[in-house]
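Trainee: Quick one: the structure is below, questions incoming.
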Amino acid sequence: MKKISPNKNKSSSFSRIMRKGQEKANYKVRSGKLLMLMSEEDHQRIAKLISKWLAQDEAKR
């Protein structure tokens with residue numbers, strides 16, 4: 001039989017730490033979306049660079 005937890009609405013330790021960090025950093029949704037947009041572009045640039053390196057490595061063989 002599954003035990004029923006008395007603290008159903010209790011958030012996890014990780015989410016509490018994240019919430020405190022957001023409060024300290026004065027997090028705003030708009031700036032969060034901007035950071036995510038910028039980081040996505042970084043991932044694309046990194047992927048292109050890695051593919052370029054792989055292509056150069058294949059050309060040397």
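The values are calculated or read from the model by the stated rules, or taken from the named source; none is laboratory data. None of the values given here were measured: they were computed from a predicted structure. Positions of Cβ are backbone-derived with ideal geometry, glycine not excepted, and every protein chain shown enters the neighbour counts. Accessible surface areas use protein heavy atoms only, side chains included; no ligands, DNA or RNA. Shrake-Rupley method; radii C 1.70, N 1.55, O 1.52, S 1.80 Å.
Trainee: Beyond 13 Å, what share of the Cα-Cα pairs of the chain is found? Please give it as a whole percent.
Mentor: Cα-Cα pairs of the chain separated by over 13 Å account for 77 percent.
Trainee: A follow-up question, please. First measure r as the distance between the Cβ atoms of residue 42 and residue 17, then evaluate 1/(1 + (r/R0)^6) with R0 = 30 Å and state the FRET efficiency to the nearest 0.05.
Mentor: FRET efficiency, residue 42 to residue 17: 0.75.
Trainee: For segment 9-61, build the charge dipole from Cβ charges (+1 Lys, Arg; -1 Asp, Glu) around the Cα centre, then report which of 13, 34, 44 sits farthest towards its positive end.
Mentor: It is 13, whose Cα lies furthest towards the positive end.
Trainee: Okay, next question. Accessible area per residue, 1.4 Å probe, Å², for the chain: what's the number? Walk me through the numbers before you get to the answer.
Mentor: Values: 6520 Å² over 61 residues.
Here the per-residue accessible area is 107 Å².
Trainee: A follow-up question, please. Roughly how many percent of the accessible protein surface of the chain is carbon and sulfur, given a 1.4 Å probe and a whole-percent answer? Could you put the intermediate results ahead of the total?
Mentor: On the way: 3900 of 6520 Å².
With neighbouring chains kept in place, the figure for the chain is 60 percent.
Trainee: Excluding residue 35 itself, calculate the net charge of residues whose Cβ lies under 15 Å from the Cβ of residue 35, where each Lys or Arg counts +1 and each Asp or Glu counts -1.
Mentor: Net of charged neighbours comes to 0.
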